[in-house]
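Asks: Have a look at the structure that comes next, please.
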Amino acid sequence: MSPLSRRSFLGATLAAGVAAGLAASGCSTGAPPVRPRPAARPLAIPPLAPSSVDAGGRRVFGLTAAPGTSAFLDGLATPTWGYGGMPFGGPTLRARRGEEVVVRVTNRLPETTTTHWHGMTLPARMDGGPHQPIAPGETWEASWRVEQPAATLWYHPHPHGATERHVHRGLSGLFLVDDDVPVDLPDRYGVDDVPVVLTDRGLAPDGAFDEQHRNAVGLLGDTVLANGTVAPYLDVRTSRVRLRVLNASPARSYRLSVGAPVSLVGVDGGLLPAPRVVDDVLLTPGERAEIVVECAPGRRMVLRSLPDDLGAVNGVAAAAGGADSLDLLELRPADRLEASPPVPAVLSREAPLTEGSTVRRFVLANNRINGLAMDPTRVDEVVPVGATETWEFTNRHTLPHNIHVHDARLQVLDVPAAARAWKDTVAVAPGTTVRALVRVGPYADPEVPYMLHCHLLRHEDDGMMLQFLVVGPGQRPATTIAAGHDHG
Ligand code: C2O
Ligand code: CU
Ligand code: CU
C-alpha cells in the first residue's frame, strides 16, 4: 500500500478555486497524509456496561463522562474524555427488545454535555440532544422501552456547537439492541461478534489530539483508531467473524474492504432481510455496517478503507480523506478454526416501508438546510406521530454531506429492492438527491423536538441542523422551543 504517493498526487491537483473555497474556513485544504503502521496491538474490546434490574423490572445502567489520560502510542500520554471509567470511548450498553432501560448519566467533565442515543426510537425528552443538557456534577436520567429490532446503535454527546469537540475528545460508545427473534449469526461478543468503532485523530508530538487543523469537511486525523487501538489486530478462532463497524469519526468516511467479498448482514437500523454479498461498504460519519467475513485457517486479512471520491470533484474528495488508503484492522485467523454456521438466508422478516404520505424537501448547501441555520428555539417541521413520509435530501454543495434523522428509521428509495435497509444516517453526495421513506416513532411531544442534521460534526456545529416536533392527534405543536431548557 502506498497511501502517501497517492495522496500527494491528488494533493498536487487541488483545483485552485476549490482550494480557495476550502481555505475559506481559515484552515488547511487537504487531509493530512496518513501514516501507515503495521498491525502491532491486540484490538481492545469495549467492556459490556454492567447493569442491574430494579424492582420494576427495568434494566438500569450508570454512565459517567469524565476526563482521563490515554496511551495510544508507547510513551505518549493523550488527555482524553471517556465514559464509564474508560479514558477514551465507552462501554457497550446492551438491552433486549421489549426491555425498559434506565441510563443515569453523570457529568464529571468541566463543561455541560449531553448524551444522545443515536438510532434509538424513544421519547424526545429522552433523546439526549441539545435540549437535554447535563451540567457539570449533575446526573441526567433517561428511560424508555426498547421497542425496535436488533441493531447496532451508539451514544455520544450532542451539545449544540460543541458536539465535534466532545466526540473528538473520545466520548462515544455502542448500544446494542438484541431481538427476541433469534438469528443464527455469530453472537459471542468480542469473540466472533466483534465491535469495531472507527475514529481518526491527529496526534501532536506531545501526544495531545489536534483539534485545530480542520478543513471545510472537518477534523481529519492521520492516525486511525479502532476501539481506541492504533494499528490493531484481532485473533480469530472461528471460520466466520461478524464485525459491527461504526464510523464514529467527526468527518472521515471509510470504504470498507477485506480484499474479498463479505456478507453485509446489517446496517444502521438493523438486519437486512437477506444477506448481500458485497466487495466493499461505504460508511460516512455516524453510519454502521455489520459484515460477516469468511476466514481461512492461518491466512491473515486486512480490513482496509479504500479511496472513494464521495461523489466530490477536484480537491474536495482528497480534502475529505477520499484519496487515502487506510489499514483499519488485521484479522489473524488461527491455524485451526472452529466451524461457524453458514450465514442464514433470511435475517429479518420485518415488513419494508412501502409508501410515504407527506413529501418534505431538504436542500443541503453552504452548511445550511433549506437556507436555515440551526435555531434551538425554532420549530422547523411538525410530523404526525407514527407517520411514514417521503423526505428528499438534495445536496447543492461541492462538499459531501450526510443526513441523520433522530428517532426515525428510514429506507432509501430508488435503490434495488435487495439493497433496501433500515437506516438513520444516509450519505448525500454533491449534486445528488436521496429520497427516503421516513417512519417516525410512536412518541408524541408537542414541546420537545428531535433533530435532523448533517453528521459531519463540524457542519452540525456550524448549524447544519433543523428541529422537528412529532405530535399526536389534537395536540397543538409549540410555536417556539424553550432553548437549552432541561426538559428531562
Ligand atoms: Cu449521532 Cu444527532 O446524532
Ligand atoms: Cu441521532
Ligand atoms: Cu455536512
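Asks: I want to make sure I understand the PRE zone here: with the label point 7 angstrom from the Cα of Arg97 toward its beta carbon, which residues in segment 139-170 have backbone N atoms less than 16 Å away?
Replies: Residues 145-153 fall inside that zone.
Asks: Just order 173-182, 324-333 by mean Cβ neighbour count inside 10 Å, highest at the front, would you?
Replies: Ranking, from highest mean packing down: 324-333, 173-182.
Asks: So if each residue of separation counts as 0.36 nm, and I subtract the Cα-Cα distance between Ala40 and Ser52, what length gain in nm does that give?
Replies: 0.7 nm is the gain from fully extending Ala40 to Ser52.
Asks: Provide the packing ranking of 301-310, 163-172, i.e. peptides ordered by the mean count of other C-beta atoms within 10 Å per residue, highest first.
Replies: Descending packing order for the listed peptides: 163-172, 301-310.
Asks: Can you say what percent of the DSSP beta bridges in the chain, counting only those with both residues inside, are antiparallel? Round to 5.
Replies: 70
Asks: Further question on the same structure: Let a ≥ b ≥ c be the square roots of the eigenvalues of the Cα gyration tensor of the chain; is it rounded (a/c under 1.5), or, if not, prolate (a/b larger than b/c) or oblate?
Replies: In terms of gyration-tensor shape, rounded.
Asks: I want the antiparallel fraction of DSSP beta bridges within segment 359-471, as a percent rounded to 5.
Replies: Beta bridges within segment 359-471, antiparallel portion: roughly 70 percent.
Asks: Based on the alpha-carbon gyration tensor of segment 351-406 and its eigenvalue square roots a ≥ b ≥ c, which shape applies: rounded if a/c is under 1.5, prolate if not and a/b is larger than b/c, or oblate?
Replies: It is oblate, given that a/c is not under 1.5 and a/b is not larger than b/c.
Asks: To continue, here is another question. Once fully extended, how much extra length lies between Asp279 and Arg145, figured as 0.36 nm per residue of separation less the alpha-carbon to alpha-carbon distance?
Replies: Stretched out fully, the Asp279 to Arg145 stretch lengthens by 44.6 nm.
Asks: Same structure, new question: Once you place label points 7 Å from the Cα toward the Cβ at Arg188 and Ala351, how far apart are they in nm?
Replies: Label-label distance for Arg188 and Ala351, simple model: 3.9 nm.
Asks: Which of the peptides 450-457, 192-199, 110-117 is most tightly packed, and how do the rest follow, going by the mean number of other Cβ atoms within 10 Å of each residue?
Replies: Put in order of decreasing packing, that is 450-457, 192-199, 110-117.
Asks: Return the distance in nm (one decimal) between the two label points of a simple spin-label model at Arg108 and Asp235, each offset 7 Å from Cα along Cα→Cβ.
Replies: 3.1
Asks: Another one. Can you pull the Rg over Rh of segment 185-338, Cα-only, Kirkwood?
Replies: For segment 185-338, the value is 0.98.
Asks: Write down the percent of antiparallel bridges among all DSSP beta bridges whose residues are both part of segment 79-179, to the nearest 5.
Replies: 75
Asks: Viscosity 1.002 mPa s, temperature 20 °C: Stokes-Einstein D of segment 359-471 from its Kirkwood Cα radius, in µm² per second?
Replies: 152
No value in this document is a laboratory result; all are computed from the given coordinates. Because the structure is predicted, anything quoted here is derived from the model rather than measured. Here Cβ is always computed from backbone atoms with ideal geometry, including for glycine, and neighbour counts include all displayed protein chains.
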